[in-house]
Amino acid sequence: MIRSTLLKLSESKSFARWVTSNNTTRRMSHRFVAGEALDEAIAAARECNDQRMLVSLDYLGENVSTTEDAQRARDAFLEVFDRIAAERLDANVSCKLTQLGLDISAEFCEGQLLSIVARARSYSNFLRVDMEGSLYTARTIDVVKRVRSQNPAVGTVIQAYLYRSEQDVQDLLAYGCRIRLCKGAYKEPPEVAFPRKQDVDANYVKLMRMLLPSGFYHGIATHDPRMIAATIRCAAEKKVSKQDFEFQMLYGVRTDLQQQLVRDGFRVRIYIPYGQDWFPYFMRRLAERPANLAFFARNFFR
Ligand SMILES: Cc1cc2nc3c(=O)[nH]c(=O)nc-3n(C[C@H](O)[C@H](O)[C@H](O)COP(=O)(O)OP(=O)(O)OC[C@H]3O[C@@H](n4cnc5c(N)ncnc54)[C@H](O)[C@@H]3O)c2cc1C
């Protein structure tokens, strides 16, 4: 109930305006967002690298409705790759296709993605296309497959809560595509997604067991100790080396677990979001854990 309300609110433009213009909530967003400027994200990435963690930088934004905004987002992503190289960071980049104009046209969006992936490849780097709500799943996979056929420096994300994901994993593996596996963060109807957490978790383990021994380098994105333990068991059973996959976690979530995995010799990548358009991302993080909401409410009223 709380989760649904927060996810619904994450789509409200007027609530977004109020939250992002309020100094207290802006300060509180720093729990999950590195800052509004690229410099702040670079500083957070440097700190992660110093702690032997890899990074994926995410310039926040989604559902842009004009070509100008989509082109501005593309330019911001080109700049991120330049900065990563100039600063010698061990970092790649994540983006969303609706930020690059998927709502305007798939062809326009594909052209934008191609230019960013070309920049990634020029630095031997990599771009991860995040997965959004299920209205976009098929289109996202199609665009990624088309771009990937011209340039392999791109991969995408599969959400374990969708019924279709097993088929998508098989399909993408046939293309040699690198996949990030996550549970899924959007509000989805029971016609497309498992409504019960235990079914999502069971599907997560099933998909992880398809990915790990596939011979491609994938990202296992979760903070759930049970998913992590299942992954470690699977890697040992299938003789997949610790270098041949990575765990991925969100900035500001379970830093204790992030550090423990590094100490245990695993590769860990931290997803660091930044930018002015942090509201929907922030709301999805609140929705994932009701305790977060209580924590923020207490701080807000204090
Ligand atoms: C690197 C990365 C990239 C992602 N990319 C996408 C994407 O492209 N598309 C998409 O739909 N989703 C994405 N997600 C979000 C993901 O789908 C889940 O919503 C989120 O990771 C929570 O699921 P979980 O696997 O951690 O398990 P859960 O069962 O939700 O949580 C397990 C435990 O982790 C901790 N935890 C989880 N979330 C939080 C939080 N917000 N605050 C505090 N503690 C928390 C709690 O201790 C919780 O008990 C991404 C997640 C990660 C880590």
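Determine which single condition Asp82 fails, assuming it passes every other condition in (1) touching a Phe, Trp or Tyr at 6+ places or on another chain (Cβ under 9 Å); (2) acidic (Asp, Glu); (3) within 16 Å of the ligand (Cβ to nearest atom).
(3)
So is Arg178 charged (D, E, K, R), touching a residue at least 24 places away in the same chain (Cβ under 8 Å) and out of contact with any helix residue (DSSP H, G or I) (no Cβ under 8 Å at 6 or more places or on another chain) or not? Steps first, answer last, please.
Numbers: charged (D, E, K, R): yes; touching a residue at least 24 places away in the same chain (Cβ under 8 Å): yes; out of contact with any helix residue (DSSP H, G or I) (no Cβ under 8 Å at 6 or more places or on another chain): yes.
In short, yes.
Would you please list the contacts, defined by Cβ atoms under 7 Å and residues six or more apart or on different chains, that run from a residue in the range 214-225 that is of a type in the set (A, V, I, L, M, F, W, C) to a residue that is in a loop (DSSP other than H, G, I, E, B)?
Within 7 Å, the pairs are Phe216/Gly176; Phe216/Arg178.
Please pick out the residue among Ala291, Ala287, Ala230 that is surrounded by fewer than 14 Cβ atoms within 10 Å (Cβ to Cβ) and part of a helix (DSSP H, G or I).
Numbers: Ala287 fails: surrounded by fewer than 14 Cβ atoms within 10 Å (Cβ to Cβ); Ala230 fails: surrounded by fewer than 14 Cβ atoms within 10 Å (Cβ to Cβ).
Checking each option against the conditions leaves just Ala291.
State yes or no: is Gln243 in contact (Cβ under 8 Å) with a residue 24 or more places away in the chain and either of a type in the set (S, T, N, Q) or more than 13 Å from the ligand (Cβ to nearest atom) (or both)? Steps first, answer last, please.
Values: in contact (Cβ under 8 Å) with a residue 24 or more places away in the chain: yes; either of a type in the set (S, T, N, Q) or more than 13 Å from the ligand (Cβ to nearest atom) (or both): yes.
Yes, satisfied.
Checking Tyr204 against (1) more than 18 Å from the chain's Cα centre (by Cα); (2) over 17 Å from Ala138 (Cα atoms); (3) within 11 Å of the ligand (Cβ to nearest atom), only one condition comes out false. Which one?
(1)
How many of the residues in the range 82-108 are over 13 Å from Asp130 (Cβ atoms) and either part of a strand (DSSP E or B) or in contact with a Ser or Thr (Cβ under 8 Å, 6 or more places away or on another chain) (or both)? Steps first, please.
First pass over the range 82-108, keeping only residues over 13 Å from Asp130 (Cβ atoms): 82-91, 101, 103-108.
Going one step further and asking which of them are either part of a strand (DSSP E or B) or in contact with a Ser or Thr (Cβ under 8 Å, 6 or more places away or on another chain) (or both), we end up with 91, 101, 103-104, 108.
The qualifying residues number 5.
Do the conditions hold for Thr156, that is, is it out of contact with any Ser or Thr (no Cβ under 8 Å at 6 or more places or on another chain) and either closer than 22 Å to Pro273 by Cα or within 13 Å of the ligand (Cβ to nearest atom) (or both)? Give the derivation first.
Working: out of contact with any Ser or Thr (no Cβ under 8 Å at 6 or more places or on another chain): no; either closer than 22 Å to Pro273 by Cα or within 13 Å of the ligand (Cβ to nearest atom) (or both): yes.
No, not satisfied.
With respect to Arg209, is the statement that it is loosely packed, with under 14 Cβ neighbours inside 10 Å and part of a helix (DSSP H, G or I) true?
No; evaluated as a whole, the condition is false for this residue.
Looking at the range 45-67 only, could you name the residues that are free of Cβ contacts under 8 Å to residues at least 60 places away in the same chain and surrounded by 20 or more Cβ atoms within 10 Å (Cβ to Cβ)?
In the first step, residues of the range 45-67 are kept if they are free of Cβ contacts under 8 Å to residues at least 60 places away in the same chain; the result is 46-47, 49-50, 63-67.
Scanning the range 45-67 gives a single hit, Val64.
Within the range 149-168, identify whether any single residue is in a helix (DSSP H, G or I) and among the aliphatic types (A, V, I, L, M), and answer yes or no. Spell out the reasoning first.
Keep residues of the range 149-168 that are in a helix (DSSP H, G or I), which gives 165-168.
Subset that is among the aliphatic types (A, V, I, L, M): none.
No, that holds for no residue.
The numbers here are math on the coordinates, done by the rules we state, and not lab data. It should be emphasised that the depicted structure is a prediction, and the values quoted were computed from it without experimental measurement. Counting neighbours? That spans all protein chains shown, and the Cβs are built from the backbone with ideal geometry, glycine included.
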